[in-house]
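The values are calculated or read from the model by the stated rules, or taken from the named source; none is laboratory data. The structure displayed is predicted, hence computed values, not measured ones. All Cβ positions, even for glycine, are placed from backbone atoms using ideal geometry, and neighbour counts span all protein chains on display.
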Amino acid sequence: MKIIAPSMLSSDFGRLIDEIELINKSNADWFHLDVMDGVFVPNITFGSPVLDIFKNYAKKPLDIHLMIVNPENYIDKFSSYNPDIITIHMEAVNDISAVLKKIKNLNIKAGLAINPDTPIKHLEPYINEIDMVCLMGVFPGFSGQKFINKTNSRLRDLKNLIESKKSKVLIQVDGGVDLSNVKELSRLGADILVSGSCIFKSKNPSKIIDSLKKESKV
């Protein structure tokens, strides 16, 4: 069974605690939390006050996705929210290995995200240092974007790289994931599927989560 991680950026922040409780009661597996700084990506999302709410009310693992520059300056702060995993963008960091080590030294799993225009081969030096690769299906910065179709071939290449290096890293696909592509992404090797608008813009989010779980079976 694949991991379904609702992207909370697409939820209704006017009733955030209700949205968190909806996910708590659903068959979703993780909370996916996008933190954007307006520098690495052209958007600003949320910071400490909102993350405190997730820490206090979420009953499932927190998957914190940092779309920020200089994430090494904030790892200690983000670790205080008790996340299961913290993901950084390889395009936003100078010394990737040092930041990954800093995360893992806090007994938190480390993820490395890669943008659609960054070659998969750039992951090779880190493929045995990380717990998860976050393969972006859209350019980061905004929710609700259309899935970039070349992500499928990139997923295939990533799976081949992981197998060639005998790595146990998990693959997360983030951006544009919905009922039209979840089955194919799962078949190609995705382990974790992040979906936002597909879930929260529907009339019955829990039912959509169930459908994503069902379609992801391969």
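I'd like to check which helices (runs of 4 or more DSSP H) are fully inside region 43-146 and have at least 1 residues that are over 17 Å from His32 (Cα atoms) and not aromatic (Phe, Trp, Tyr). If you could, list the steps in order and put the result at the bottom.
Working: elements: 48-57, 75-79, 96-104.
Here the list reads 75-79, 96-104.
Restricting to region 86-129, and then to whatever is within 21 Å of Leu51 (Cβ to Cβ) and not hydrophobic (A, V, I, L, M, F, W, C), can you tell me which residue is surrounded by the most Cβ atoms within 10 Å (Cβ to Cβ)?
Per the stated criteria, the residue is Thr87.
Would you confirm whether or not region 159-168 contains a residue that is under 21 Å from Ile199 (Cβ atoms) and among the polar types (S, T, N, Q)?
Applying the first criterion (under 21 Å from Ile199 (Cβ atoms)) to region 159-168 yields none.
The answer is no; no qualifying residue exists.
Given (1) in a loop (DSSP other than H, G, I, E, B); (2) modelled with pLDDT of 95 or more, where does Lys217 come up short, assuming only one miss?
(2)
Filter region 191-207 for residues that are surrounded by fewer than 22 Cβ atoms within 10 Å (Cβ to Cβ) and of a type outside the set (Gly, Ala, Ser); which is nearest to the chain's Cα centre (by Cα)? Show your work before the answer.
Here is the first cut: in region 191-207, the ones surrounded by fewer than 22 Cβ atoms within 10 Å (Cβ to Cβ) are 191, 197, 200-207.
Within this subset, residues satisfying the condition of being of a type outside the set (Gly, Ala, Ser) are 191, 200-201, 203-205, 207.
Numbers: Asp191: 11, Phe200: 16, Lys201: 19, Lys203: 23, Asn204: 22, Pro205: 19, Lys207: 21 Å.
Among residues in region 191-207 that are surrounded by fewer than 22 Cβ atoms within 10 Å (Cβ to Cβ) and of a type outside the set (Gly, Ala, Ser), the one nearest to the chain's Cα centre (by Cα) is Asp191.
Would region 113-120 turn up any residue that is in contact with a Leu (Cβ under 8 Å, 6 or more places away or on another chain), more than 19 Å from Ile4 (Cβ to Cβ), modelled with pLDDT of 95 or more and of a type in the set (Ser, Thr, Tyr)?
No, region 113-120 contains no residue that is in contact with a Leu (Cβ under 8 Å, 6 or more places away or on another chain), more than 19 Å from Ile4 (Cβ to Cβ), modelled with pLDDT of 95 or more and of a type in the set (Ser, Thr, Tyr).
Within region 160-186, which residues are among the hydrophobic types (A, V, I, L, M, F, W, C) and assigned to a loop (DSSP other than H, G, I, E, B)?
Val169, Val177, Leu179
Could you check Asp178 against (1) in contact (Cβ under 8 Å) with a residue 40 or more places away in the chain; (2) closer than 18 Å to Ile23 by Cα and say which number it fails?
Here Asp178 meets the rest and fails (1).
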